[in-house]
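What follows is a set of notes on a single structure, which appears directly below.
The values are calculated or read from the model by the stated rules, or taken from the named source; none is laboratory data. Please read all numbers here as calculations on a predicted model, not as lab measurements. Glycine gets a Cβ as well: all are built from the backbone with ideal geometry, and neighbour counts include every protein chain shown.
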């Protein structure tokens, strides 16, 4: 699905060759500052490599419409951003940004249920706790049903139990709907439990991590 | 109406007693601002005397090229001033956008005001052309100055918000919408506020000047209403042009936020 060749970015990341398979769960582990987020941002085309090429479904990212690409390959940043308004506004905004039809009431309720957020849709989203905001942001991209989900430390603000539940939700979702899931995580245990494939980023280089 | 009392030089000099009193107070209180007060008073006096003679010359010569030259000087000064006073250095592209929106926005409003609203003749009559150009350009300059700072700050401080929207497949226009709207707001708010307080909180300078010079308050008010609408139009037009073109300079052709 993604194929990376001879890519370098500043002196943060250098990847001679790497492919990421379609419909797989890929976990990216490594210490903070090692370049994990940079790799994810490149796949979302939020930044372009200084050298080398990245292809998505055999097409070079530089030849694709960046907006169309991001609508297929959606990314969730480590610190989730909450937009002004209610929970409903925040769930709908992803679909609005990507010009898709707004979700039904039932879909919205189901999404809250999926991310274990027991709140009212018309509550102000700014009043949520850090962990709740993270779950809301996760719900937002679940609703978008993109082909590829890029999650940067999706559970950093969650307690262990919720973390496991939420990741399980995403893994099940990806498996059921044949989606590709690429997830940066600090937890090797989590990676071992859920990943089809684990990549380790160390000192700007990416290695296969055998487990 | 009575004519205006002509001020003799001696009468003007007596007004400097205000400055003398202020200087004594500053000295006694030990506030180290004497130099600034003195310099700004002298600057003000010299600049106004100079501009007085220039205006007399312009009015008497009635030359279309001179009127256009004054317009050019005012536009250049305003653009230079906006760029100089920006809190953080502006990119080359943004500077061009400042210049373009100032020129387009103020000229459109000015031409409409002079030829459709007031209908001056000849078209270059400096008595109308120059002061009205000054008011439109001056107020638009203040508006864009505020807008520039708010836009640049917003794109920097709200970067996570803008990037998050991009990550979800938003176009740069949608991603920057909140920042752009708030820049527009902050740029036209002073003009709107001054309209709200006008006539109650303060009497505007142009109107006061006309009344002092013997013009009927009714005429003065008619002019004031027209010029306020003109100013609001000019400020809004220049600022809309600026923010609509300006946000784009923060993105590259791959719809990515420019770094550094």
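Filtering region B:195-221 down to residues that are part of a helix (DSSP H, G or I) and touching a residue at least 24 places away in the same chain (Cβ under 8 Å), which residue is farthest from the other protein chains (Cβ to nearest Cβ)?
So the residue we want is B:212.
Of all residues in region A:67-77, count the ones that are within 8 Å of chain B (Cβ to nearest Cβ) and buried (at least 23 other Cβ atoms within 10 Å of the Cβ).
Summing the residues that are within 8 Å of chain B (Cβ to nearest Cβ) and buried (at least 23 other Cβ atoms within 10 Å of the Cβ) in region A:67-77 gives 4.
From the set of residues in region B:168-190 that are surrounded by 19 or more Cβ atoms within 10 Å (Cβ to Cβ) and more than 24 Å from the chain's Cα centre (by Cα), which is farthest from the other protein chains (Cβ to nearest Cβ)?
Here the answer is B:176.
Does region B:148-157 include one or more residues that are touching a residue at least 40 places away in the same chain (Cβ under 8 Å) and touching a strand residue (DSSP E or B) at 6+ places or on another chain (Cβ under 9 Å)?
Scanning region B:148-157, I find at least one residue that is touching a residue at least 40 places away in the same chain (Cβ under 8 Å) and touching a strand residue (DSSP E or B) at 6+ places or on another chain (Cβ under 9 Å), so the answer is yes.
For every residue, the table says whether it meets (1) out of contact with any helix residue (DSSP H, G or I) (no Cβ under 8 Å at 6 or more places or on another chain); (2) modelled with pLDDT of 95 or more; (3) within 30 Å of residue A:137 (Cα to Cα).
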{"site": "B:171", "(1), (2), (3)": "no, yes, yes"}
{"site": "B:195", "(1), (2), (3)": "no, no, no"}
{"site": "B:204", "(1), (2), (3)": "no, no, no"}
{"site": "B:227", "(1), (2), (3)": "no, no, no"}
{"site": "B:233", "(1), (2), (3)": "no, yes, no"}
{"site": "B:240", "(1), (2), (3)": "no, yes, no"}
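With away from chain A (no Cβ under 14 Å), at pLDDT below 95 and buried (at least 17 other Cβ atoms within 10 Å of the Cβ) as the only criterion, which of B:90, B:114, B:151 stands out?
B:90
For region A:152-170, how many residues meet the condition of being over 20 Å from residue A:77 (Cβ atoms), touching a residue at least 24 places away in the same chain (Cβ under 8 Å) and not in a loop (DSSP other than H, G, I, E, B)?
Going through region A:152-170 one residue at a time, the tally reaches 3.
Is it fair to say residue A:54 is in a strand (DSSP E or B) and within 14 Å of chain B (Cβ to nearest Cβ)?
yes
Taking region B:243-256 on its own, how many of its residues are surrounded by fewer than 18 Cβ atoms within 10 Å (Cβ to Cβ) and more than 8 Å from chain A (Cβ to nearest Cβ)?
5
Can you find a residue in region B:158-167 that is at pLDDT below 95, away from every other protein chain (no Cβ under 14 Å) and in a helix (DSSP H, G or I)?
There is no residue in region B:158-167 that is at pLDDT below 95, away from every other protein chain (no Cβ under 14 Å) and in a helix (DSSP H, G or I).
So which residues in region A:93-109 are over 17 Å from the mean Cα position of the chain (by Cα), within 15 Å of residue B:167 (Cα to Cα) and assigned to a helix (DSSP H, G or I), if there are any at all?
Correct list: A:96 only.
Of the residues A:132, A:59, which single one is surrounded by fewer than 17 Cβ atoms within 10 Å (Cβ to Cβ) and more than 13 Å from every other protein chain (Cβ to nearest Cβ)? Walk me through it before giving the result.
Details: A:132 fails: surrounded by fewer than 17 Cβ atoms within 10 Å (Cβ to Cβ).
It is A:59.
Does residue A:28 meet the test of being crowded, with 23+ Cβ neighbours inside 10 Å and more than 11 Å from chain B (Cβ to nearest Cβ)?
yes
Listed here are the residues, each with its yes/no results for (1) free of Cβ contacts under 8 Å to residues at least 24 places away in the same chain; (2) under 22 Å from residue B:155 (Cα atoms).
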residue	(1), (2)
B:37	yes, no
B:48	yes, no
B:52	yes, no
B:63	no, no
B:66	no, no
B:69	yes, no
B:85	no, yes
B:88	no, yes
B:97	no, yes
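Residue-wise test of (1) touching a strand residue (DSSP E or B) at 6+ places or on another chain (Cβ under 8 Å); (2) over 22 Å from residue A:93 (Cβ atoms).
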{"site": "A:123", "(1), (2)": "yes, no"}
{"site": "A:132", "(1), (2)": "no, no"}
{"site": "A:163", "(1), (2)": "no, yes"}
{"site": "A:170", "(1), (2)": "yes, no"}
{"site": "A:173", "(1), (2)": "no, no"}
{"site": "A:196", "(1), (2)": "yes, yes"}
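Is it the case, given these coordinates, that residue B:140 is in a helix (DSSP H, G or I), within 15 Å of the chain's Cα centre (by Cα), closer than 30 Å to residue A:99 by Cβ and at pLDDT 95 or above?
Values: in a helix (DSSP H, G or I): yes; within 15 Å of the chain's Cα centre (by Cα): yes; closer than 30 Å to residue A:99 by Cβ: no; at pLDDT 95 or above: yes.
So residue B:140 does not fit the description; no.
Applying the selection to region A:35-51, what residues are away from chain B (no Cβ under 14 Å) and crowded, with 21+ Cβ neighbours inside 10 Å?
Correct list: A:35, A:36, A:39.
Restricting attention to region A:73-90, which residues are touching a residue at least 40 places away in the same chain (Cβ under 8 Å) and more than 30 Å from residue A:60 (Cα to Cα)?
A:82, A:83, A:84, A:85, A:87, A:90
Looking for something within 23 Å of residue A:70 (Cα to Cα) and within 14 Å of chain B (Cβ to nearest Cβ) - is there at least one such residue anywhere in region A:164-178?
no
Yes/no per residue for (1) out of contact with any helix residue (DSSP H, G or I) (no Cβ under 8 Å at 6 or more places or on another chain); (2) within 26 Å of residue A:16 (Cα to Cα):
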residue: A:131; (1), (2): no, no
residue: A:147; (1), (2): no, yes
residue: A:174; (1), (2): yes, no
residue: A:204; (1), (2): yes, yes
